[in-house]
Amino acid sequence: MDRSVTSSPGLSTGAAVLIALDWGTSSLRGFLMDGSARILAERSSAQGIQNLPQPGAAGFEAALTGLCGDWLDAHPTLPVVAGGMVGSAQGWVEAPYVATPADAAVLADRSAQVAMAAGRRVLIAPGVLHDPAGGIPDVMRGEEIQIAGALAEDASWACNACIAMPGTHSKWVRVADGRIASFSTYMTGELFAVLKTHSLLGRLMPAGVDAKPEDGEEAFAIGLRTAQSAGPGDLPHQLFATRTLGLTKRLPPEALAHYLSGLLIGHELRSGLTLLAEMPAGTPLLLIGDPGLCHRYTCGLAAFGITPTAQLGNTAPRGLFQFAASAGVLPPPSANSSSIKSTP
């Protein structure tokens with residue numbers, strides 16, 4: 001196995017029915033799954049669509065074979081499904097966006113296929129487009145699979161839920177009747193990285209040195225409070241405070257990044273929570289994403305008096321299973337295994 005590949009031991013003992021791929025820009029993750037959506041084994045590599053071993057279709061096939069070649073050989077009849085940026089215009093084959101409202105069945109109906117040299121086919125999920133009349137268009141690719149997986153965790157969430165997905169491009173999603181009804185994207189993570197690394201604001205932030213926990217928490221809280229008190233158009237002014245709070249010694253240099261993080265997350269929460277406020281009382285709020293980042297958002301939400309209903313980790317494998325089930329490529333569940341229902 002390639003040294004860039006990491007592998008986890010088997011996690012279940014059921015018969016394999018699916019090879020599922022979560023294929024992003026910078027990484028590729030593979031999951032061997034049984035008929036109850038349990039993960040038998042999982043692997044990952046750094047061969048995302050921008051880091052293939054060679055250009056073009058041959059590079060995608062080489063990356064897949066390098067990660068999962070023995071699975072393909074050992075299970076020659078298993079279906080292979082993939083989601084994420086592998087279906088983008090820069091991916092293996094483009095799977096055009098489907099319009100909201102969208103669920104796993106719609107994704108399966110509009111999926112794309114690509115054939116490997118040996119004839120093995122890979123089913124690729126499309127992204128989702130939200131383009132309201134008179135509004136601003138928005139897109140997601142990969143998150144729709146995570147959402148399908150989250151909704152499979154609890155049937156009540158599929159009826160009505162608000163889903164926040166922190167990340168480089170955070171998503172706030174309204175789910176209704178089992179479908180992605182609408183969503184908005186916030187470039188919070190990317191803005192933080194760009195401002196810290198490529199702007200004047202980062203010049204006072206020492207590289208490789210983090211604040212004491214209490215200093216970081218206080219700076220983050222100050223950023224949140226600053227965002228909460230903001231008026232229209234205040235963000236550019238409040239951003240500059242990242243510098244002046246350092247120059248005036250109000251915050252230690254190593255805490256300035258925490259202020260910036262709190263400020264940007266606070267502004268995102270102010271906007272994102274308007275979506276939750278427009279939904280019926282008692283609508284569950286779900287967080288999906290990296291545990292550390294979700295913890296930071298949980299702290300931010302607490303400042304707004306909100307407690308998430310649930311914090312979920314990697315729901316992509318379950319979502320890929322839902323996608324495969326909706327596409328009709330999985331065998332019927334056996335009598336002695338728990339059945340998994342498709343997203344309504």
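Values quoted throughout were computed directly from the atomic coordinates according to the rules given, and no laboratory measurement underlies them. These numbers come from a predicted model, not from an experiment. Note: ideal-geometry Cβ built from the backbone for every residue, glycine included; neighbour counts use all protein chains shown.
Using alpha-carbon pairs under 8 Å, 6+ residues apart, how would you state the relative contact order of the chain in percent?
After rounding, I find 18 percent.
Evaluate the Debye formula for the range 188-312 with equal point scatterers sitting on the alpha carbons, no solvent, and hand back log10 of I(q)/I(0) at q = 0.20, 0.21 Å⁻¹, in q order, two decimals.
Values, matching the q order: -1.14, -1.24.
Gaussian network model of the chain, Cα springs within a sub-10 Å range: biggest mean-square fluctuation belongs to which of Arg179, Arg29, Arg110?
Per the Cα network of the chain with a 10 Å cutoff, Arg110 tops the list.
Work out, step by step, the length gained on full extension between Ser26 and Glu217: first 0.36 nm times the residue separation, then minus their alpha carbon distance; give nm to one decimal.
Residue separation times 0.36 nm, minus the Cα-Cα distance, leaves 65.7 nm.
As a check on your grasp of the helix formula, calculate [θ] at 222 nm for the chain: sum -39500 (n - 2.57) over DSSP H runs of n ≥ 4, divide by the residue count, round to the nearest 500.
Per the formula, -11500 deg cm²/dmol.
By how many degrees, 0 to 90 and rounded to 10, does the Cα axis of helix 188-198 deviate from the longest principal axis of the chain?
Compared with the principal axis, the helix lies near 60 degrees.
Would you work out which of Ala164, Ser326, Leu123 lies farthest towards the positive end of the dipole of the chain, given +1 charges on the beta-carbon of Lys and Arg and -1 on that of Asp and Glu, about the Cα centre?
It is Ala164.
With 5 Å bins from zero, work out the P(r) of the range 95-139 over every alpha carbon pair and list the percent per bin.
Calculated over all Cα pairs of the range 95-139, the distribution is 6, 22, 22, 18, 12, 10, 5, 3, 2, 1 percent.
Along Cα→Cβ, 7 Å out, is where each label goes; now give me the distance between the ones at Arg203 and Thr168 in nm to one decimal.
2.8
What is the distance in Å between the Cα centres of the range 145-206 and the range 269-291?
10
For Rg/Rh (Cα atoms, Kirkwood Rh), the listed values are [x] 0.97; [y] 0.94; [z] 1.00; which was obtained by calculation from the structure presented?
Given [x] 0.97; [y] 0.94; [z] 1.00, the structure-derived one carries the label [z].
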